[in-house]
1. Using helices alone, I'd like the mean residue ellipticity at 222 nm for the chain: each DSSP H run of four-plus residues gives -39500 (n - 2.57), total over residue count, nearest 500.
2. So what's the angle, to the nearest 10 degrees on a 0 to 90 scale, between helix 82-91 and the longest Cα principal axis of the chain?
3. Quickly rank 31-37, 142-148, 117-123 as a protection proxy: mean count of other C-beta atoms within 10 Å, highest first.
4. Could you tell me how far the Cα centroid of segment 56-74 sits from the Cα centroid of segment 85-161, in Å?
5. So what's the Cα pair-distance distribution over segment 28-166, bin width 10 Å, in %?
Amino acid sequence: MEKLIEKYTMLYDYIVANKEPKQFKLFCEVSNAVMHEMIKTQPAIAEKYIEKLCAIKWQQYLTKSEAVSILEKMRPAPHWDFERWSAEIERFALESERESVFNKYALFVEMNAKYSDEAEVLAEKAFGKPLAEVPEQTFFALIHALAIAALTDKDEIYNIRTYFAV
C-alpha cells in the first residue's frame, strides 16, 4: 500500500508541476473514473470529497463538516449554532449566500469569528454601550456586514479556507 501511495504522490506532484494539458486531461479522466467507482461502492466517502470539490466554484466556501470542525475549536465558543444563525438570517431577511462568491457555511463561520474576536470592542466603539445593551438585530446586521466585507475582500487576500487551514 505504501508503494502505491508513493507512486500516486509522485504522479500527482508531476502533473501539478508539469501543467501539460494532455497529461492533465488524462489525470482528470482517471480521477473521474475513480470518483464514479467510489460513488457506487462508498457513497458517503464520495460525498465528502465532492463537497470539498465544490470549493472550485466559490471564492469563499466551506462544507458543513468543515464549518462544524472550525467552530469546535473556536475560543471563546461560537455565539450562534447553525440553526439559530439560520433563523436570525431569515428573521432579519439578510443574505446568506452569494453564488460563486461565498456560501452559507463560510458566512456562518465568518460571522462567529467576527463576533468572537470583535463583539465587545464593536459594541463599545460603534454604539458606546456594553454588548448586552446593543439591540440584537442591529448588532447581528453589523456582524453580518463585517463578515460579508471580509468574504468579499476586493484585494482577494483573505481566504477562509486558508485562514482556517481546511
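Values in this text are rule-based calculations from the coordinates and carry no lab data. Predicted model only: the values in this text are computed from it and were never measured. So basically every Cβ, Gly included, is an ideal-geometry build from the backbone, and we count neighbours across all protein chains shown.
1. Details: 8 runs with 113 residues, N = 166.
Rounded to the nearest 500, the figure is -22000 deg cm²/dmol.
2. So the inclination is approximately 60 degrees.
3. With the highest mean Cβ count within 10 Å placed first, the list reads 142-148, 117-123, 31-37.
4. 15 Å
5. Taking all Cα pairs of segment 28-166, the binned fractions are 11, 37, 31, 14, 5, 2 percent.
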